[in-house]
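These notes concern the structure reproduced below.
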Amino acid sequence: MKPKLIILGPPGSGKGTQARLLAEKFNLVHISTGDILRAAVDSGKVLGQEAKGYMDRGELVPDGVMLKVIREKLSEDETASGFIFDGFPRTIPQAEGLTSILGEMGINIYEVIKLKVSDDTLIKRLTGRLFCPKCGALFNLSFKPPKEDRLCEHCGAELKRRSDDSEEVIKNRLEVYRHRTGPIEDFYRLQYKLKEVDGEGDSSSVFEMILEVITIS
């Protein structure tokens with residue numbers, strides 16, 4: 001069995017971390033929409049330039065263009081060993097389009113993992129995030145504080161906070177997520193593919209719970 005997985009979760013739920021852990025354990029290709037869009041742009045191909053136009057204007061890349069990028073990624077030989085989608089699909093048209101693309105390729109999504117995290121925890125995680133502008137290290141005032149106040153313990157640079165990590169902005173992002181992604185959960189729930197996991201704990205305990213609910217080995 002070559003696993004084909006999707007991981008869903010609101011901003012701050014840790015889905016990127018869990019996707020990387022699953023990819024490493026099961027030798028999967030980690031398909032993050034942000035990463036593959038940047039790769040498409042860097043390739044200089046027509047499709048990448050089309051996506052870049054929307055990104056440069058600060059607009060969401062339309063579903064049609066996003067699905068073309070996904071189709072191109074899935075045609076690469078490396079995905080034959082299995083893959084996990086992180087941050088995709090985000091809309092019902094994307095979920096339906098992905099199903100169509102995979103159907104043409106003779107592929108079925110195996111399982112969909114949803115990380116459940118309360119708004120209070122998400123807000124605490126996101127408002128506490130700090131990053132190092134010099135080396136890229138990540139910290140969190142509540143969960144992984146730097147050893148010295150606001151200084152990177154790796155390179156000594158002053159840590160920064162993302163401009164969109166204010167509580168007001170985060171609450172809006174969570175509401176947008178629920179509005180757009182809630183129907184996707186139902187889409188996969190009706191197919192009996194959705195597995196819900198409590199994402200409140202630390203990354204290692206959440207990972208162990210994911211391994212308990214999925215049926216791949």
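Remarks
- Wholly enclosed helices (runs of 4 or more DSSP H) of the range 4-123 bearing at least 2 residues in contact with a Gly (Cβ under 7 Å, 6 or more places away or on another chain) and acidic (Asp, Glu): none
- Exactly one residue out of Glu111, Glu78 is in contact with a strand residue (DSSP E or B) (Cβ under 7 Å, 6 or more places away or on another chain), surrounded by fewer than 16 Cβ atoms within 10 Å (Cβ to Cβ) and closer than 28 Å to Ile214 by Cα: that is Glu78.
- Among the residues of the range 133-142, some residue qualifies, meaning at least one is buried (at least 18 other Cβ atoms within 10 Å of the Cβ) and at pLDDT below 90.
- The single residue among Glu96, Glu50, Glu76, Glu59 that is among the charged types (D, E, K, R) and in contact with a Phe, Trp or Tyr (Cβ under 9 Å, 6 or more places away or on another chain) turns out to be Glu96.
- Among residues of the range 125-141 that are touching a residue at least 40 places away in the same chain (Cβ under 8 Å), those with a Cβ under 7 angstrom from a residue that is aromatic (Phe, Trp, Tyr) and not in a strand (DSSP E or B), sequence gap 6+ or separate chain, pair up as Arg125/Phe143.
- Matching entry among Gly82, Gly87, Gly58 (being modelled with pLDDT of 90 or more and small (Gly, Ala, Ser)): Gly82
- Breaking point among (1) buried (at least 19 other Cβ atoms within 10 Å of the Cβ); (2) touching a residue at least 24 places away in the same chain (Cβ under 8 Å), for Asn27: (1)
- Count of residues meeting criterion [within 18 Å of the chain's Cα centre (by Cα) and small (Gly, Ala, Ser)] in the range 166-200: 2
So that you can scan it fast, the table gives a plain yes or no per residue for (1) at pLDDT below 90; (2) basic (Lys, Arg); (3) outside any helix (DSSP H, G or I):
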residue: Pro146; (1), (2), (3): yes, no, yes
residue: Cys155; (1), (2), (3): no, no, yes
residue: Arg162; (1), (2), (3): yes, yes, yes
residue: Glu168; (1), (2), (3): yes, no, no
residue: Asn172; (1), (2), (3): yes, no, no
residue: Pro183; (1), (2), (3): no, no, no
residue: Gln191; (1), (2), (3): no, no, yes
residue: Ser205; (1), (2), (3): no, no, no
residue: Glu212; (1), (2), (3): no, no, no
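- For the range 196-213, the candidate set comprises residues that are among the charged types (D, E, K, R), in contact (Cβ under 8 Å) with a residue 60 or more places away in the chain and closer than 17 Å to Thr17 by Cβ; within that set, the residue that is surrounded by the fewest Cβ atoms within 10 Å (Cβ to Cβ) is Asp198.
The values are calculated or read from the model by the stated rules, or taken from the named source; none is laboratory data. All values reported here derive from a predicted model rather than from experimental measurement. Using ideal geometry, Cβ is built from the backbone for each residue, glycine included, and neighbour counts are taken over all protein chains shown.
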